[in-house]
Every structure is written in structure tokens, then in C-alpha cells.
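As C-alpha cells, the structure follows; a few thoughts come after it.
The values are calculated or read from the model by the stated rules, or taken from the named source; none is laboratory data. No experiment lies behind these values; they were computed from the predicted model shown. Cβ atoms come from the backbone with ideal geometry, glycine included; neighbour counts cover every protein chain shown. Keep in mind that these areas ignore ligands, DNA and RNA; they rest on the heavy atoms of the full protein, side chains included. Shrake-Rupley method; radii C 1.70, N 1.55, O 1.52, S 1.80 Å.
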Amino acid sequence: MNFRRRLTVVSVIATIAACSRAPEPREPVVLADYNFLQPVEDELFGNEYGATRGLHWFESGWSTPTSGGLWSIRDETNAMFTLAGQSAQLEMVCNTSRKLAAQGQTFEVQLNGRSLSTFDMTEAWQIDTLRVDLPDDAWKPGLNRITFKPSHWMPSKNPQRGAPELAVNFRTLRITSQLTSVERDEWTALTATPPARQEDELLHLPEGDLPAALVAQQEGRVLPDVVVFLMDTVRADHVGCYGYRRDTTPTIDRLAANGVKLDNVIAEAPYTLCSVPSFFTGQSWRNHQVQHNGDALADEFITLAEIFQIAGYETFGISDNPNVSHGTNTSQGFDEFEEMWKYHNEWREVDQRGWDPERPERRFRERLDEGMPESPVFFYVHIMPPHAPYFPGPQHDLWKPNARSKITGSVAQMQQFDKGAIKAEGAPLRRLVSLYDGAMHRSDAAIGRMIDAWDGQERQRPTLYLYVSDHGEAFGEHGRFSHNSTPYDEMVHVPVVFSPANLVPGLEKSATSLRTLSDIHPILLHYLDIRPPGGTAWPRRYLDVLADPAAARERIFIRCREPVFATRTVDRLTLLQSWGEQEFYRLDKDPQAQDNQRAAGHDDYLAELRELRAWLENPAAGPDAKAAELTPEDIARLKALGYF
């Protein structure tokens, strides 16, 4: 039974009972309580506001929230509220600007289309507390729309992604109602913190067992080398073997032809700082907690490189991204770990407009020339392109238009596209995408040369290649550019290829299963017959995948920087963004997530939101992130990437 029907049944029962006995006493209950002056993330979960999150949302006509409050925009704004009980009242603390007050600003409050009250706001920036009774006959249990209609509005002096025309500034908003004990129990059940999810439970491995890889070596079995190429910022639908129309990745396509391509891997965060620690530790962002600039991975986490070390591998790392560095402590477990941005002028390109994928390639090949150990090797190479600034170079700029273009793919231009200063259409957009594709082609060629160099060593053991990306890149599909900000596929659907297939037998049978980057960690260990050391603790989900790589995820939890939270299943995408932009998509019917079904799918949305609350409101399973120890070179590089 859905929520509206349950509340209606409760109301009918209460009405019938009233005919035979005295009315049941009612008590005031706060149904909605918003403080728009608090930081957005502080208000999302873990308090009363978080408990009612999803029962209400700010539907249309609102600004991006700031520390100064939430503005209504233009002539009409709407908010949806779940109401219950009787004698409800809306209370707002708000004000308006000097210019709008001088013009005689008023604003009308409507409930489900009925006009309730009109307020005068003729004193500049005067903070008014306004109250409106919500008549019982104007609403029904469940969702109801409250509309605010100002008489005047003006352009913002500080527009964010466009130029919203501001009208009334809301500082707080509260709705109270009088509920019976039965109605209070119903409301409490809706707002209670859901129990923790079983698959997030931490389980400890038995003490004392030898790592399986060491046992294998003692038995004379030959362990494969493992070479991981992480190409930054690759959206899966721009990779050839994932169906892209352009030949952007001939090297990766060859790996996929001889290997296994996982079709449905989702990055749990669309930015490197948060995403790579999930890949390295096999744990979610909620557990490792590396989420903000200045965070670093806690020492207590055991990384993929550390597990390979324990298993008898020599471990090497080359990174061209300071978010994967000594400073962020993601170099844990590497016998050698080199940071390419600290080579300064030694390998500087003539043209400085973009990153140089040949720099990590050259260092990789130099290291091979210096000699690799006879023991098995784990080698991780993190290449920047096609991360902005996009610079394919003349050899790889294969899809440039005939006409000259001012679009260079710089970080500054990406920010202009994101803010709407450059229109995301026509020739400028086509040129931007062609630069991105060319930069990917350039990195793909560098990977091809590295594979040739590795294979040329003629090592006495097979090699398992793993190609992966940490997140994707958006080109305005949902109004945003670059990455970091949204959980749609263009930012979170990433390519993953294991090659050759005979080293991951049976994996192709579950190639379409829903997975995350943190699942790749136990999948890799499973096929190498490596186990984490005894006495360590891992989420139940991790151990399930370690035992059976075919184990699909029912649900993925995504976190973006701003913050935006989302749940993702095979056929649903549910977004919780800022104060009000709540979205619900049925991906089986709408794979591009263009038709927001938030209102029509209210009960389904609430069910997904309960899963998200169970995830977020229960304690994290790992230690807090520690403070990053970034060098001046790290910070300079991050600034060039647009992160500071």
C-alpha cells in the first residue's frame, strides 16, 4: 500500500471512529523544517531535516542554495510537501532586495492552486516571519503543491550557470500539523533511520593463513604479471569496443577482442580523488571517506598494491595525477612510485596546451630498460588524457572540422561551457568533443607502445592486462560539462577490460552485470588466487565478489562533489541533489535519463531513498580520512587541472 493510500485509510478510520467516541487528542508535529542558511551538506542527513528528505522537495523555480539563503526565481516557484493530520501551518522567514522592495514587492502563497494569502515586502532586506494556515479542505494526505508567486524579480549580480532572476530570499521554512497518535506512529515509521544493509557488514578473515599466491609459488605454479592502465576521464560510450562510432581506442579494442569487456561498471564518484581509493581498497567512498580536497587515505586501509606485495609481487606505480600520489597516501604498497609532474623541464613538450601521455609512457619504458625482477610484477600506470585540457596534438586530432575554431579544450573553456557562457551546441560543441576524442586516441596509442615494450621483454610468465578509467566526462547531456558534479552515465559509466580472456575464465558470463570500481579489486584477486591477509576486515559484499566474481550488485550508491547523492540499479536512477532537485528515472524505458518521473514515481523514489538513508545514516565502516600532505608541485598541478 502506498503512502498516500495509507494516510487516507488512517484518515477514514479516524473519521469513522469519531462518530462513536470523542475525537482523539492531537499534538503538533513538525513535518518539514528547512534552514537554508546552513551549509548544504550539513543539512542532508543525520538530523530531522534528513529524516524527512524525500517526503518533500523543491520542484521548480529555485536558485542554487548559498550561505545567504534560497531564492525564488521569476514569477513562480513550486515545492511539493507531504502533509498529514489537520490544522497545518506554513511558517517562512524571508526577505527581498532594496530594488524589489522599492518596486512594491508582494508574493502570493497558493496551495494546490488555491490562493491562501498575499504578503507585502516593501522594506529592503527586512527579515519577516510569515505564517499561513493551510485549510484542511485545500489538501489531502500525501503530496501537495505549494506555489509562491512574487510580483517582481531582478537579474542576479552573482549568477551561477546562467543568470537567474531573483525574487524572494527564503532563510527558513517550516510546516507543522496536528496529528493523532496513530498518525504520529505512521509519520515516525516514515522518518525513522532504516537499519544497516547486510552487505555493508564488516567481516574479519581468519588469522594465520598464508596468502594463496605464496602457496602457489611454493607449489611451483607460475603467477602472471599484472599491468593496469588507468586512463583518466574516459566515458564508456566514447570507447570503440563499447559501440562508439569513432575509432578512438584501437589498442583497447584489441585488448577487448582477446579479453573480457565489462559492460556495466559504475564509478561510485565522478572524480579521481574519491574514485581511485575505491578501486585501490575495494571499499566504498563511505568507508574510505576520501571525499574532499585535502583528504588522504588512512594508513589502516590495505590497498591493492599492498596485497600484491604480501603475495610476493614487486609493485611499481607511475602517476600523472596528484590525486593519486604520496600526498594523498594512495601510493601505499608500491615498492616504487613515481610522480610525473615532478619531473619539471626534463620531458617538457614544445606545446604546453595539454597533458603529455608520452611522459608516463617514456618513464615506463625506461624502467623496463633498467630491468624488471624475475618475481611477478604488479605495475600501475595512470595517464591523464583525455582529462582537460584536451590536446590531441597534430597526429591524433583526427576529427577536427574544416572551419577554424576558437575552441581549444582548455580547463577555462570547460568551465565556460559549464556555466553557459559558451553555448553547448553546434560547431563549438562538436569541436570540443573532437578534441576529447583525439586526446583519448593519443593516450590509447601510448598504451599500445607500452604493451609492445612489455611484451618485448619475453618474460617467463603470462601477463594480465587491466584497462580501466576512474570516471567519465559530460558534454551538456544534463546541463553540465566536465565531471565531479552529477551521477548520470556520461560521468560515471566507465570502461573496464581484462585481457587475455583465458586468465579470467568464466568472467564473460557475467559481463553485463552491474558493478562498481570497488568490485574490480576482488575480481582481480579472485582470478589470481590471491586472498587478503588474515585478520583483516572487509565488507560482506567484497568477500562475496572475492568468492564469486559473477555476483552482481543490486544497488550502487554514488556521491558527487557538490554534493549530489544517487542510487543506481539496473533499471533505476534516483537523485538527491541540493535542497530540491530530486529526480527519478526508469532506465529500462529511458536509458538516457531524460524523463524525470519524480512525481509520478513518488513511492518508488521513497523506497530508493530509504536505501540511501540506510547507507548514509549508519556509521561508516572505516577510519576517517587523514590530512593530505601536498607539496607545492602537487598543488600547482591540481590548480592546472581546475581542482583548486
Residues of region 97-125 being open to solvent by 10 Å² or more (accessible area, probe 1.4 Å) and either of a type in the set (Lys, Arg) or within 39 Å of the chain's Cα centre (by Cα) (or both), in sequence order, are ARG98, LYS99, GLU108, GLN110, ASN112, GLY113, ARG114, TRP125
Would you be able to say whether some residue in region 72-80 is assigned to a strand (DSSP E or B), surrounded by fewer than 18 Cβ atoms within 10 Å (Cβ to Cβ) and at pLDDT below 90?
-> no
Pairs, please: C-beta under 6 Å, at least 6 apart or cross-chain, first residue over 14 Å from PHE379 (Cα atoms) and in region 445-468, second among the hydroxyl-bearing types (Ser, Thr, Tyr) and assigned to a helix (DSSP H, G or I)?
-> GLY448/THR251
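Let's see how each residue does on (1) of a type in the set (Asp, Glu); (2) within 21 Å of HIS238 (Cβ to Cβ); (3) modelled with pLDDT under 95:
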position	(1), (2), (3)
GLU346	yes, no, yes
GLU349	yes, no, yes
PRO357	no, yes, yes
ARG365	no, no, no
ASP369	yes, no, no
MET372	no, no, no
SER375	no, no, yes
Among the residues of region 193-204, is any at pLDDT below 95, open to solvent by less than 40 Å² (accessible area, probe 1.4 Å) and part of a helix (DSSP H, G or I)?
-> yes
Scan region 82-96 residue by residue and report those that are part of a loop (DSSP other than H, G, I, E, B) and within 34 Å of the chain's Cα centre (by Cα).
-> ALA84
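Among the residues of region 478-512, write down those that are more than 30 Å from GLN413 (Cα to Cα), part of a loop (DSSP other than H, G, I, E, B) and open to solvent by 10 Å² or more (accessible area, probe 1.4 Å). Quick ask: steps written out before the conclusion?
First pass over region 478-512, keeping only residues more than 30 Å from GLN413 (Cα to Cα): 497-512.
When the remaining residues are screened for being part of a loop (DSSP other than H, G, I, E, B), the result is 500, 504-506, 511-512.
Answer for region 478-512, where residues must be more than 30 Å from GLN413 (Cα to Cα), part of a loop (DSSP other than H, G, I, E, B) and open to solvent by 10 Å² or more (accessible area, probe 1.4 Å): PRO500, PRO505, GLY506, ALA511, THR512.
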Residues of region 594-644 being modelled with pLDDT under 85 and assigned to a loop (DSSP other than H, G, I, E, B), in sequence order, are ALA599, ASN618, PRO619, ALA620, ALA621, GLY622, LEU641, GLY642, TYR643, PHE644
Members of region 572-583 found to be under 20 Å from ASP595 (Cβ atoms) and either open to solvent by 10 Å² or more (accessible area, probe 1.4 Å) or among the polar types (S, T, N, Q) (or both), listed by number = ARG572, THR574, GLN577, GLU581, GLN582, GLU583
Which pairs have Cβ atoms under 6 Å, sit 6 or more apart or on different chains, and link a residue in region 390-401 that is closer than 19 Å to ALA412 by Cα and in contact (Cβ under 8 Å) with a residue 12 or more places away in the chain to one that is assigned to a loop (DSSP other than H, G, I, E, B) and open to solvent by 20 Å² or more (accessible area, probe 1.4 Å)?
-> PHE391/ARG353
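Of all residues in region 244-293, how many are at positive phi and surrounded by fewer than 24 Cβ atoms within 10 Å (Cβ to Cβ)? Explain how you work it out, then say what you get.
Restricting attention to region 244-293, the residues satisfying the condition of being at positive phi are 282, 289.
Those left that are additionally surrounded by fewer than 24 Cβ atoms within 10 Å (Cβ to Cβ): 289.
Looking only at that region, the number is 1.
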Take the residues in region 575-594 that are in contact with a Lys or Arg (Cβ under 8 Å, 6 or more places away or on another chain) and of a type outside the set (A, V, I, L, M), then tell me which one is nearest to SER510 (Cα to Cα).
-> ARG586
Test ARG449 against the stated conditions and say whether it is assigned to a helix (DSSP H, G or I) and under 30 Å from GLY371 (Cβ atoms).
-> yes
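A quick yes/no check of all residues on (1) among the small types (Gly, Ala, Ser); (2) open to solvent by less than 30 Å² (accessible area, probe 1.4 Å); (3) under 19 Å from PRO322 (Cα atoms); (4) in contact with a helix residue (DSSP H, G or I) (Cβ under 9 Å, 6 or more places away or on another chain):
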{"position": "ILE383", "(1), (2), (3), (4)": "no, yes, yes, yes"}
{"position": "PRO389", "(1), (2), (3), (4)": "no, yes, yes, yes"}
{"position": "PRO392", "(1), (2), (3), (4)": "no, yes, no, yes"}
{"position": "GLN395", "(1), (2), (3), (4)": "no, no, no, yes"}
{"position": "GLY409", "(1), (2), (3), (4)": "yes, yes, no, yes"}
{"position": "ALA412", "(1), (2), (3), (4)": "yes, no, no, no"}
{"position": "ALA421", "(1), (2), (3), (4)": "yes, no, no, yes"}
Working only within region 536-571, note down all residues that are within 28 Å of TYR34 (Cα to Cα) and either open to solvent by 30 Å² or more (accessible area, probe 1.4 Å) or hydroxyl-bearing (Ser, Thr, Tyr) (or both).
-> ARG561, GLU562, THR567
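Name every residue in region 99-122 that is more than 25 Å from THR82 (Cα to Cα), at pLDDT 90 or above and part of a loop (DSSP other than H, G, I, E, B), in order of residue number.
First, pick out the residues of region 99-122 that are more than 25 Å from THR82 (Cα to Cα): 99-106, 120-122.
With the extra rule that they be at pLDDT 90 or above, the set shrinks to 99-106, 120-121.
Across region 99-122, the qualifying residues are GLN103, GLY104, GLN105, MET121.
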Which of the residues belonging to region 458-477 are assigned to a loop (DSSP other than H, G, I, E, B), in contact with a Leu (Cβ under 7 Å, 6 or more places away or on another chain) and surrounded by 21 or more Cβ atoms within 10 Å (Cβ to Cβ)?
-> SER469, ASP470
Over region 603-619, the set of residues open to solvent by less than 20 Å² (accessible area, probe 1.4 Å) and closer than 17 Å to GLN577 by Cβ is TYR605, GLU608, LEU609, LEU612, ARG613, TRP615
Members of region 513-538 found to be outside any loop (DSSP other than H, G, I, E, B) and farther than 17 Å from ILE266 by Cβ, listed by number | LEU524, LEU525, HIS526, TYR527, LEU528, ALA537, TRP538
Of all residues in region 142-153 being open to solvent by 30 Å² or more (accessible area, probe 1.4 Å) and touching a residue at least 60 places away in the same chain (Cβ under 8 Å), the one that is farthest from ARG171 (Cα to Cα) = ARG145
Looking only at region 314-331, decide whether some residue is open to solvent by 10 Å² or more (accessible area, probe 1.4 Å) and within 23 Å of GLU374 (Cα to Cα).
-> yes
Which one of the conditions (1) more than 15 Å from LYS261 (Cβ to Cβ); (2) touching an Asp or Glu at 6+ places or on another chain (Cβ under 8 Å) does LEU546 fail to meet, given that it meets all the rest?
-> (2)
Being at pLDDT 85 or above, assigned to a loop (DSSP other than H, G, I, E, B) and not hydroxyl-bearing (Ser, Thr, Tyr) is the filter here, so list the residues in region 553-585 that pass it.
-> ARG553, GLU554, ARG555, CYS560, VAL570, ASP571
If we scan region 222-240, do we find a residue that is more than 23 Å from the chain's Cα centre (by Cα), open to solvent by 40 Å² or more (accessible area, probe 1.4 Å) and at pLDDT below 85?
-> yes
